[in-house]
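J.: Mind having a look at this structure? Questions to follow.
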Amino acid sequence: MSLEYVKFTPGFGKFMPKEYRDMVEHGPFGKKVSVSQVGTFKEILEEHPMCAGCAMTLFIRLAIVAFPNPEDTITVGTAGCGRLAISQAAIPFVYGNYGDQNGVASGLTRGLRLRFGDRPKDVVVMAGDGGMADIGFAQTLHSWFRKEKFTTIMLDNEVYGNTGGQESGMTNRNQVLKMAPLGKKFEKMDMLGMAKVAGCAYVATVVPNNPRRVESVIKKAVLVAREIGPSYIQAYTSCNIEYAIPTDKVMEDAKTVETDRYKFSEYITDEAKEYLSQLYGYKEYLPKPAAAVEKQ
Amino acid sequence: MYLVANIDTEICAATSCKLCTQYCPEANTILYDNEAGQDKGFKYGAAYVAVDRCKGCAQCVWVCDNMAKHNAIKMEMIDQIGDTALTENVTYGEKTSHALLANPVRGQG
């Protein structure tokens with residue numbers, strides 16, 4: 001709920017729910033916080049039932065810290081591990097039926113734009129690789145083709161981790177899993193390529209072993225989705241249970257995978273570059289001075 | 001009994017890198033106190049663990065040993081670390097947090 005619409009009447013603040021007061025007084029509502037300040041403020045994410053050492057949780061935690069306007073943000077998710085943590089946050093969470101998350105988010109973002117025309121309301125979809133690339137594939141792609149203005153984040157653990165280790169469209173070829181004993185027969189789906197073809201204005205891959213990069217990517221994606229068009233982030237969030245990674249080696253694995261096959265990549269349209277540089281001061285996207293262009 | 005992370009305040013306050021706070025998958029578990037270690041002459045504070053939320057994954061140990069190379073975090077049995085921070089005793093101030101120490105097994109006092 002936005003601070004602009006719900007304000008404490010002096011003297012009545014103590015009657016607001018404790019969780020909400022915590023967010024305003026000690027948390028990030030109405031303030032700017034960064035990943036480097038975590039540990040010094042009350043986070044939006046609370047205790048959650050995810051496994052110990054889960055990289056997906058780390059990514060979700062960093063993503064929620066990075067939201068540019070958390071008090072005006074609504075998250076949408078679906079079945080899968082991720083929603084167990086996302087739903088334990090002090091911002092609204094909408095549960096889309098399995099695979100429906102991008103359809104639900106389409107309606108939600110349109111409705112919010114009609115109702116709150118004066119200020120941006122950010123809708124962020126966070127779902128797993130199964131919910132997005134397999135079961136919700138049609139709705140995900142259609143929302144991009146329709147240029148729905150919200151952010152889609154895939155928590156790509158390359159397996160159906162919540163149901164015992166079946167292969168998903170995002171599992172790598174030849175990968176043997178508990179419920180795929182012969183190994184996967186097909187290549188990993190190129191969702192990044194499809195996002196670009198479908199017209200996403202901002203597409204990025206990221207691994208949570210670089211928290212500041214996660215923060216910068218999420219901020220850009222949410223800002224671009226406010227005005228320009230759909231944005232898509234694909235994050236490698238390993239499943240340490242199904243891939244048998246010791247919990248203290250999760251970041252080592254993330255580093256290995258990042259250098260091997262999940263390199264940081266960013267695709268951004270010219271329109272989105274202009275928007276980010278002019279409205280939000282992103283210097284790296286400012287047009288180069290004429291002298292520098294001539295030298296090239 | 002089970003293992004939780006325990007941060008050596010002196011080693012941590014000498015470097016104050018804050019990396020472990022960014023790499024813990026649990027929210028508000030590794031917290032940061034800007035005033036920790038000031039009595040020993042350190043300026044920038046140190047991290048500490050709210051042990052009731054620690055799930056014992058030891059990711060912070062790997063980050064402290066391999067990325068920061070400070071070796072300030074060890075996994076210890078919860079009944080052997082003595083008085084430590086618990087979520088209910090944590091207060092938040094202006095860009096810092098502070099914890100009253102209590103025994104994690106017996107409670108405060």
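J.: Can you return the aspartates and glutamates within cross-link range of A:LYS219? Criterion is Cα-Cα under 20 Å, with same-chain partners fewer than 8 residues away left out.
T.: Partners found: A:GLU43, A:GLU71, A:ASP72, A:ASP122, A:GLU148, A:ASP156, A:GLU227, A:GLU266, A:ASP270, A:GLU271, A:GLU274, A:GLU284.
J.: Return the FRET efficiency for the residue pair A:SER277, A:ASN172: r is the Cβ-Cβ distance, R0 is 51 Å, and the value is rounded to the nearest 0.05.
T.: With R0 = 51 Å, the Cβ-Cβ based efficiency is 0.90.
J.: Let me ask you something else. Could you tell me what fraction of 2.2 N^0.38 Å the Cα radius of gyration of the protein assembly as shown comes to, as a two-decimal ratio?
T.: 1.01
J.: Moving on. Arrange the following residues from fewest to most other Cβ atoms within 10 Å of their Cβ: B:GLU10, A:GLU158.
T.: The fewest-first ordering by Cβ neighbours comes to B:GLU10, A:GLU158.
J.: By the gyration tensor of its Cα atoms, with a ≥ b ≥ c the square roots of the eigenvalues, what is the shape of the stretch A:179-289: rounded for a/c under 1.5, prolate for a/b over b/c, or oblate?
T.: Prolate, because a/c is 1.5 or more and a/b exceeds b/c.
J.: Here is a further query. Using a 10 angstrom cutoff on alpha carbons, build the Gaussian network for chain A and name the most mobile of A:THR171, A:THR163, A:THR109.
T.: A:THR163
J.: What distance in nm lies between label points placed 7 Å from Cα along the C-beta direction at B:MET1 and A:GLU19?
T.: In this crude spin-label approximation the distance works out to 3.5 nm.
J.: Skipping prolines and chain starts, which residues have an amide H placed within reach, meaning under 5 Å, of the one on B:CYS57, given they are 5 or more residues away or on another chain?
T.: Those lying under 5 Å, H to H, from B:CYS57 are A:GLY53.
J.: Under the definition of Cα pairs under 8 Å and six or more residues apart, what whole-number percent is the relative contact order of chain A?
T.: 17 percent
J.: Give me the one-decimal nm value for the distance between modelled label points at A:LEU182 and A:GLU227, 7 Å along each residue's Cα-to-Cβ direction.
T.: 5.3 nm
J.: Cut-off is 10 Å between beta-carbons; in what order do B:THR91, A:THR40 appear when sorted fewest neighbours first?
T.: Ordered from fewest to most neighbouring Cβ atoms within 10 Å, B:THR91, A:THR40 come out as B:THR91, A:THR40.
J.: Then there is this: Report the per residue volume, in Å³, of the convex hull enclosing the C-alpha atoms of the stretch A:133-175.
T.: Dividing the Cα hull volume of the stretch A:133-175 by its residues yields 80 Å³.
J.: Place +1 on the Cβ of every Lys and Arg and -1 on the Cβ of every Asp and Glu in chain A, take the dipole about the Cα centre, and give the residue among A:GLY229, A:THR151, A:GLY77 whose Cα lies farthest towards its positive end.
T.: A:GLY229
J.: What number of lysine-lysine pairs in the stretch B:3-99 show an alpha-carbon separation below 18 angstrom, given a sequence spacing of 8 or more or placement on distinct chains?
T.: Eligible lysine pairs with Cα atoms under 18 Å apart amount to 6.
J.: Shifting gears a bit: Do me a favour and compute the ellipsoid semi-axes for the stretch B:3-99 from its Cα gyration tensor, root of five times each eigenvalue, largest one first, whole Å.
T.: 18, 16, 13
J.: Let me have the 222 nm mean residue ellipticity of chain A computed from DSSP H runs of 4+ only, each contributing -39500 (n - 2.57), with the sum over all residues rounded to the nearest 500.
T.: -10000 deg cm²/dmol
Bear in mind these aren't lab numbers, they're just calculated from the coordinates by the rules spelled out. None of these values were measured; they are calculated from a predicted model. Ideal geometry is used to build each Cβ from the backbone, glycine not excepted, and the neighbour counts take in all protein chains shown.
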